[in-house]
Amino acid sequence: MDLPEYSYWIIAGLALVIAEFAVSGLVVIFFGIAALLVGCLKFLGLLDDTAWELTLFAMTSLLLLVFVRRVINDKLMGTERQRQGEEDSAGLVGARATVAEAFSNGVGTVSYRGARWQAQCAHPLHPGDMVRITQHDGLWLTVEPWTPGPQTPAE
């Protein structure tokens with residue numbers, strides 16, 4: 001069974017669009033869309049020369065990659081923002097925690113709301129001591145011994 005010439009473009013286009021799910025990265029899909037476009041134009045009889053088919057495929061793929069990919073990628077992936085100042089998105093700074101393991105060389109473990117955190121402190125701390133969280137940086141906390149009442153910055 002001999003397939004019409006346009007069907008090769010359409011089959012290749014569908015295969016490329018489906019391949020985007022396996023490869024990801026928003027690249028292969030644009031080649032698939034360009035192949036589908038060429039196949040449709042070939043089906044309608046608007047293209048009959050292989051050189052024009054390949055040229056249209058290459059140009060459409062390139063234009064889609066350059067102009068459309070950036071817009072779609074920004075919509076799907078979003079943009080990353082830089083942190084402004086010392087924001088504490090987890091709300092840990094100022095909270096009270098309990099020392100879970102003794103601090104050795106300024107590093108130990110604290111327990112806060114049932115979770116254990118790696119922490120650092122300039123003061124010697126022992127299990128059961130209460131501490132105030134002064135800084136939260138990723139998976140690390142900086143703590144100081146707990147003293148009741150308002151805290152003033154150390155000079």
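The values are calculated or read from the model by the stated rules, or taken from the named source; none is laboratory data. A quick note: this is a predicted structure, and the numbers were derived from the prediction, not measured. Cβ coordinates were reconstructed from backbone atoms using ideal geometry, including for glycine residues, and neighbour counts include every protein chain displayed.
Values as computed for the structure displayed
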| item | result |
| --- | --- |
| Meets criteria (among the hydrophobic types (A, V, I, L, M, F, W, C), modelled with pLDDT of 85 or more and not in a loop (DSSP other than H, G, I, E, B)) for ALA102 | yes |
| Residue identified as farther than 15 Å from PRO4 by Cα and touching a helix residue (DSSP H, G or I) at 6+ places or on another chain (Cβ under 7 Å) among ALA51, ALA34, ALA58 | ALA34 |
| In segment 37-73, the residues that are of a type in the set (Gly, Ala, Ser) and modelled with pLDDT under 90 | none |
| Count of segment 41-54 residues which are in a helix (DSSP H, G or I) and exposed (fewer than 13 other Cβ atoms within 10 Å of the Cβ) | 3 |
